[in-house]
Ligand SMILES: [Zn+2]
């Protein structure tokens with residue numbers, strides 16, 4: 001998919017319909033058209049990035065800042081909001097469906113029906129330590145640019 005075909009780029013350019021709640025020079029936020037709960041927002045960088053791998057960290061921080069403000073706005077709105085989830089699906093295996101990185105911000109309340117199924121069993125320390133080592137190795141791997149900023 002090219003940038004020209006990307007629906008979120010079209011929204012960022014003002015060329016596709018969206019119910020926008022926030023916009024600045026780099027970030028736009030609008031209502032998800034298939035909301036988990038009323039008030040479900042998507043926050044996107046205006047510049048096209050497929051996922052976290054090609055999202056510049058400073059821009060990612062700006063997306064987060066807007067999401068944080070929107071969460072406060074939801075808490076103070078008339079919408080039912082007893083809690084909030086921030087959710088980012090990075091990659092098809094993580095249920096990403098639109099391949100322009102986006103951060104979900106949505107109100108939660110008792111009985112809202114949202115759920116994530118997983119194997120939540122407690123794990124042994126040895127297994128956690130092995131996995132921590134794998135992540136540390138990933139942080140040190142070539143192409144990891146997080147430490148330069
Ligand atoms: Zn895009």
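Data overview
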{"item": "Computed lengthening from residue 117 to residue 10, 0.36 nm per intervening residue step minus Cα-Cα distance", "result": "35.2 nm"}
{"item": "Scattering profile of the chain at q = 0.12, 0.16, 0.21 Å⁻¹ [log10 I(q)/I(0), Debye over alpha-carbon scatterers]", "result": "-0.62, -1.00, -1.32"}
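Where a number appears in this text, it was derived from the coordinates with a stated rule and is not lab data. Please read all numbers here as calculations on a predicted model, not as lab measurements.
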